[in-house]
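Below is one structure; the comments refer to it alone.
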Amino acid sequence: MILAIIENAFLSLIGSAIPASAVVMLAATGAMLGERVGVLNLGQEGLIGIGAVYSVIAVLSWGVESPWLAMLIGMMAAAAAGLIFALCVVAFRASQVLVGLALALGGIGLSNQLGVNRNGTPIQTLFREVNPGGVLDDNDAVSAFFFHDPVVYIAYVGLPVVLWFVLFRTRHGMNMKAVGENPAAADAVGVSVTGWRIFYSVLGAALTGAGGAYMVLSFTPTWSPDIARGRGWVALAVVIFAGWRPGWAVAGALLYGSMISLDTTAQARGWGLPFMGASDLSFFLSMLPYVVTLVAILIPAGAVKLGRRVRSTAAPAALAIPYAREER
Amino acid sequence: MTPLASMAGAVLSATPWRLERRLEVDAKRAALTRIGGAVGAMVVVGILLLLTGRNAFLIFWQALDAIFGRQRGVEGVALRAIPILMTALGVALSLRMKVWNIGSDGQFLMGALAAVGVGIHMDGPGWLVLILMAAAATLAGAAWILVPALARAYWDVNEIITTLLLNFVALQLVTWSALGFWRDKEAAVIQSTREVPFTLPGIPGADSVTIALLVPLAIAAVLWWVFRSTTIGYEIDIIGGNPRAAGFAGIAVRRRILVVMLFTGAIAGLGGMLQLSAPGAQAMNAGFSAQFGLSGFIVAALAGAAFWGVIGGGLFIASMFYAGIVLQTKGLSVYIIFAVYGVILTGIALGEIAARYRVARRDAADESGAAADEAVAARKGAGP
């Protein structure tokens, strides 16, 4: 009996965590893609905003009726921003930290400006939950765990599997890792470091934009200023926690997501503690996702330092270092 | 992949110009190109706004005229310069050893929050409470960066994300204090903490600027002296240049990183107290920091960690900031300012890189060099 209650609570916590951090999952995959080839894009927060606002514009102003098309438009907008970023840091070799922060700031500012007349307008063009044979039950924890919209399956299953396969089972993946670990060697065997870095940072930016699009096309589903609310930064943290391995990003995203759903559940049910009222507890719980994310970053490094070596959790060796052939 | 790369290569080699790397980059030229990048970025934004039918150049000129034409405007800039200068000095100090403290907003907020805690709970002579507030703010700022600093120094955990995540925690904590544990129950409209009854003495002749303005100037002077004349400053610069070499030279690199990071947090935290002790700003709410940390970061990036440059850059960004407030009354939203910040920061980053190159005309020798490259590439392509 008690076991069943705990199991139910766990399932419903994770069940609501899954859609809550699908954005983080998509952005983390996008960031990881760029970082694997040595490009650190700190602008995830801005890319989420750009992806989200252009999906909103597509639906509300351009009359797009398919959520997939709206998402594609958001992804293309984010990819365009990612291309500007990539040209600055890869082609011109500007500081990835500075331009990344600039993208975060500029993306937030631009998306808020574009969304200013669309605040709170509900979006009707939504992704629908996959519901085979009508077995979905809104009140059932098992249903909450398994049935989501298609984007969620792509984010949590499709993308990690594809990325894992490409990275660790193909020659193409070997080349990607070579560009991120030792660009001079990759260059020497004829892999165009510049080309690969630009291509994968743009593709990564598009994925992060898809995360923003998912927020407004399913999760919230409406535009509000500062829509990313730190999820872009959390995604960057998840990549570190995951040790740049796609599968582990799922665990990191769900960890963050369950903290979010703990907060929302506590607020909705008015939970309190003997020494802390309901409102104080909710303030406390709203800090928790960021604190837990911070601790999560420390885990792999701590595990290495304390002697419990985790297999290959180090950052790509050439991460954030511009590659210049003439300085080889 | 290959078509994309070869396309990019073709575009570059199609021009008669090529980039040549300078053997030495002198600091003055780098500063000039950074400023050039920032100004160029602003011109780009102005042209974009012009295309949308707003004459930003005219509005901006009017805003600057409104600032520097009268005392209220000048004081408005000075008031905003204080927090921006403090966070910028903290960031600039960390940049001396190539550490990115992006959490100065959080350290600033925690410093102010600690100062509120002391200010609303203590009775006593004003000067004593103010000194205790400053001490508490300094400690709180340092404490807020303690975990990222320890992780960076001893576990080699990159400080960018860890310091930034704590900004969100600090903001939540400030919101909690304003709506929860230190809430002013009399104020009905704007929810904020209770008001601290003490303010710093004003500068003679000024309406609102206090002696807080002297603090960043003094800190800049001290830091300038430390890096010019002391062993510690020299060691920090060596760590910034090459941490491995610094380790071989017998410098306690990890401890230096920890201590410097704590100082950057402490300076930002003290900035929070200075902001709080200005007349009319003695209570906190969630909007207490108007992105002062980010503004400070941009100032430090613009100044390239030169402390006197921070003062100049800080006044520049503070004027921009104040002009931005004036611009808002003319129909530009606050969000535009962020977008402009983003473009300016990109301009600074590109300017920084531009100092390292010069544009030279391709000559015959290069052409033969390129031909040799192509021959090598062709041989590689044909190989096994």
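The values are calculated or read from the model by the stated rules, or taken from the named source; none is laboratory data. Just so it is clear, the model here is predicted, and its values are computed rather than measured. Every residue, glycine among them, receives a Cβ derived from its backbone with ideal geometry; neighbour counts consider all protein chains shown. Ligands, DNA and RNA are stripped out before the accessible areas are found, and what is left, the full protein with its side chains, is counted by its heavy atoms. Shrake-Rupley method; radii C 1.70, N 1.55, O 1.52, S 1.80 Å.
Quick check: anything in the stretch A:265-285 within 22 Å of residue A:48 (Cα to Cα), part of a helix (DSSP H, G or I) and aliphatic (A, V, I, L, M)? Scanning the stretch A:265-285, I find no residue that is within 22 Å of residue A:48 (Cα to Cα), part of a helix (DSSP H, G or I) and aliphatic (A, V, I, L, M), so the answer is no.
Every residue, every condition in (1) more than 14 Å from every other protein chain (Cβ to nearest Cβ); (2) buried (at least 22 other Cβ atoms within 10 Å of the Cβ), yes or no:
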position: A:94; (1), (2): no, yes
position: A:104; (1), (2): no, yes
position: A:109; (1), (2): no, yes
position: A:114; (1), (2): no, no
position: A:130; (1), (2): yes, no
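The set of residues in the stretch A:226-253 being open to solvent by 10 Å² or more (accessible area, probe 1.4 Å), in contact with a Pro (Cβ under 8 Å, 6 or more places away or on another chain) and not in a helix (DSSP H, G or I) consists of A:244 alone.
Going residue by residue through the stretch B:317-332, is there one that turns out to be modelled with pLDDT of 75 or more, open to solvent by 10 Å² or more (accessible area, probe 1.4 Å) and within 13 Å of another protein chain (Cβ to nearest Cβ)? No, because not a single residue in the stretch B:317-332 is modelled with pLDDT of 75 or more, open to solvent by 10 Å² or more (accessible area, probe 1.4 Å) and within 13 Å of another protein chain (Cβ to nearest Cβ). From the list B:351, B:342, the lone residue that is within 13 Å of another protein chain (Cβ to nearest Cβ), open to solvent by less than 10 Å² (accessible area, probe 1.4 Å) and free of Cβ contacts under 8 Å to residues at least 40 places away in the same chain is B:342.
In the stretch B:142-193, the residue that is least open to solvent (accessible area, probe 1.4 Å) out of those that are more than 25 Å from residue A:259 (Cβ to Cβ) and modelled with pLDDT of 90 or more is B:153. When residue B:115 is tested against (1) open to solvent by 10 Å² or more (accessible area, probe 1.4 Å); (2) away from chain A (no Cβ under 14 Å); (3) at pLDDT 95 or above, just one condition goes unmet, and that condition is (1).
Of the residues making up the stretch A:265-285, none is under 30 Å from residue A:57 (Cα atoms) and of a type outside the set (Gly, Ala, Ser). Determine whether the stretch A:176-197 contains at least one residue that is touching a residue at least 24 places away in the same chain (Cβ under 8 Å), away from chain B (no Cβ under 14 Å) and over 21 Å from residue A:324 (Cβ atoms). Among the residues of the stretch A:176-197, not one is touching a residue at least 24 places away in the same chain (Cβ under 8 Å), away from chain B (no Cβ under 14 Å) and over 21 Å from residue A:324 (Cβ atoms), which makes the answer no. Scanning the stretch A:14-37 for residues that are part of a helix (DSSP H, G or I) and of a type in the set (S, T, N, Q) turns up A:16, A:29. State which residue pairs qualify: first residue more than 11 Å from chain B (Cβ to nearest Cβ) and open to solvent by 10 Å² or more (accessible area, probe 1.4 Å) and inside the stretch A:39-64, second residue basic (Lys, Arg) and not in a helix (DSSP H, G or I) in any location, beta carbons under 8 Å apart, and separation of 6 or more residues or different chains. Final answer for the pair search is A:57/A:118; A:60/A:118.
Evaluation of residue A:97 against the conditions (1) assigned to a helix (DSSP H, G or I); (2) over 30 Å from residue B:302 (Cβ atoms) shows that the sole unmet condition is (2).
One line per residue, one yes/no per condition, for (1) in contact with a helix residue (DSSP H, G or I) (Cβ under 6 Å, 6 or more places away or on another chain); (2) within 14 Å of another protein chain (Cβ to nearest Cβ); (3) not in a helix (DSSP H, G or I):
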{"site": "A:157", "(1), (2), (3)": "no, no, no"}
{"site": "A:167", "(1), (2), (3)": "yes, no, no"}
{"site": "A:173", "(1), (2), (3)": "yes, yes, no"}
{"site": "A:207", "(1), (2), (3)": "yes, no, no"}
{"site": "A:210", "(1), (2), (3)": "yes, no, no"}
{"site": "A:224", "(1), (2), (3)": "no, yes, yes"}
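The sole residue among A:306, A:273 that is surrounded by fewer than 18 Cβ atoms within 10 Å (Cβ to Cβ), more than 24 Å from residue B:106 (Cα to Cα) and at the interface with another protein chain (Cβ under 10 Å from one of its Cβ atoms) is A:306. Within this structure, residue B:232 fails the test of being open to solvent by less than 10 Å² (accessible area, probe 1.4 Å), part of a helix (DSSP H, G or I) and either farther than 28 Å from residue B:112 by Cα or at pLDDT below 90 (or both).
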